[in-house]
Amino acid sequence: MIKKIIFAFQANFLVTVLNLFIILITTRYLGAAGRGYLSIIATYLGIIQLITGIIGPGTLPFLLRKFNYASIFFLAVLWSVTISIITTVLLNLVGFISREISIVFFLNALTGSIFLLNIRMLIGANKLRWYNFLAILQPVIILACLFAFDNNFDSNDFFYFQFTSYLIIILISTLILKSDIFKKSQLSTIKKLTSEAFTLGAFNQLSSFTQLINYRLSFLFLEKFSGLKSVGIFSIILSIANVVWLFSTTAGTLIGEEMNKFKDNNSKGLQLVNKYLKVAVTVSFMFLIFINLLPSAVYVYLLGLEFDTIRNYLLIFSPAILVFSISKVLAFYFSSLGRVTVSLYASMLGLIPSLAGIWLIKYLDIYGVVISTTLSFSVSTFVFLVFYFKNKKESI
């Protein structure tokens, strides 16, 4: 088990390091405000990908038990095109995105959704080496574009670079999965597939949506009360948190595949998850120790003078980051069981502190975000643990 996690983790770790380089380059060149702008647009794209994920990455492990990938892929692409067009038009009409970036925004929304679908399918098809290679190649392409323009780019150019990376990976992954994608679709099951995808996916993605809102909503509050600079600083804090959660996410991603072996033996499945939890929390704790030992001068050197207080925020936020590493694993566990309502309950209850956090943000700026997000993560994790221990008790 550990070897399998480490194998997948190695690629994910390298991807995270490459993404940190991207963040470093864009932050140093565009400043905290530029980084904040990228984070706001990325939030909108993230929400769209959650909607398109209703038929796709969010429900793929469960749907593959009953339907072939060709049918899922056909339906997922059709759904992604429809949603990407509608949301781009709506966001433009309400003024959330400018006409200047509407086209590249649409292209990112569409290709980003298909990229996630194909990448997730590579895991489901047990093509982990291809998954690792393509996951690494995607940020490498973005870095190559940044270096090719020799820092002569603006915030909107970045999304053209990102679209290019998605498109290249989609083309390669489609060739790898061609025997699955271009297999004859089970047209007779499309109606049933659509029904099950929406039933399961709506709950699953709604929980992911509320979880995204739990910490991304803070971006919008920060932009309103403090400006894009504060958004940029907090986005870096979350980027560092994602590094800490990397091992938990990797372990969680593999749970779906492993749990299929124990679908008729809940006791053995729980034993497996126990091992994943112990390893994930231990590694997360080690990461946090390292991050908090770094002096402020390191962050200033890497990111600029605007980030001289980031270490203080990280110190306060560290307990929440550690606690939420548990949620990362348990969310995948319950999803693999088809019990997506558990994640929905956890994220919806966790949303309450996030919404109440508007008052903290208004008066405490980034410290307010840190406090409200800490409360949100703690509530969500508590809900997951309640259901988890209940499940353990029932299996005895």
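Could you sort out which of Lys229/Lys328; Lys66/Lys191; Lys229/Lys362; Lys127/Lys278; Lys66/Lys192; Lys275/Lys328 sit more than 19 Å apart by Cα distance in this structure?
Check vs 19 Å cut-off fails for Lys229/Lys328; Lys127/Lys278.
Give me the percent of the accessible area of the chain that comes from carbon and sulfur atoms, probe 1.4 Å, all protein chains in place.
68
Please express the Cα-Cα pair-distance distribution P(r) of the stretch 269-365 as a list of whole percents, one per 10 Å bin, running from 0 to the bin with the greatest distance.
Reading the bins upward from 0: 13, 31, 32, 20, 4.
Size of the dipole of the chain about the Cα centre, Lys and Arg at +1 and Asp and Glu at -1 on the beta carbon, nothing else charged, in debye to 20?
Dipole size: approximately 1420 debye.
Please report how far the C-alpha centroid of the stretch 36-54 lies from that of the stretch 66-141, rounded to the nearest whole angstrom.
11
Classify the stretch 23-142 as rounded, prolate or oblate from the Cα gyration tensor: take a ≥ b ≥ c as the square roots of its eigenvalues, call it rounded if a/c is under 1.5, otherwise prolate when a/b beats b/c and oblate if not.
Oblate.
May I ask you to compute the full-extension gain from Asp154 to Leu175, defined as 0.36 nm times their residue separation minus their alpha-carbon distance, rounded to one decimal in nm?
Working it through step by step, the gained length comes to 4.3 nm.
Per residue, what accessible area does the chain have, given a 1.4 Å probe and all protein chains present, in Å²?
Normalised by residue count, the accessible surface of the chain is 45 Å².
Between Gly124, Gly95, Gly350, find the one with the highest GNM mean-square fluctuation for the chain; connect C-alpha pairs within less than 10 Å.
Between Gly124, Gly95, Gly350, it is Gly95 that shows the largest mean-square fluctuation.
If I build a Gaussian network model for the chain, linking alpha-carbon pairs within less than 10 angstrom, which residue out of Ser98, Ser173, Ser354 has the largest mean-square fluctuation?
Judging by the Gaussian network model, the answer is Ser98.
If I require 18 Å or longer along the helix axis, counting alpha carbons, and a Kyte-Doolittle average no lower than -0.5, what helices from the chain are left? Use full DSSP H segments.
2-52, 69-93, 102-124, 128-148, 155-176, 190-225, 228-244, 246-259, 266-293, 310-336, 340-364, 366-395
From the helices alone, meaning DSSP H stretches of at least four residues, give me the mean residue ellipticity at 222 nm for the chain, per-run term -39500 (n - 2.57), in deg cm²/dmol to the nearest 500.
Mean residue ellipticity at 222 nm (helix-derived): -29500 deg cm²/dmol.
The values are calculated or read from the model by the stated rules, or taken from the named source; none is laboratory data. Bear in mind the structure is a predicted one, so any value in this text is a computation, not a measurement. Ideal geometry is used to build each Cβ from the backbone, glycine not excepted, and the neighbour counts take in all protein chains shown. Surface areas here come from the heavy atoms of the whole protein model, side chains and all, with no ligands, DNA or RNA. Shrake-Rupley method; radii C 1.70, N 1.55, O 1.52, S 1.80 Å.
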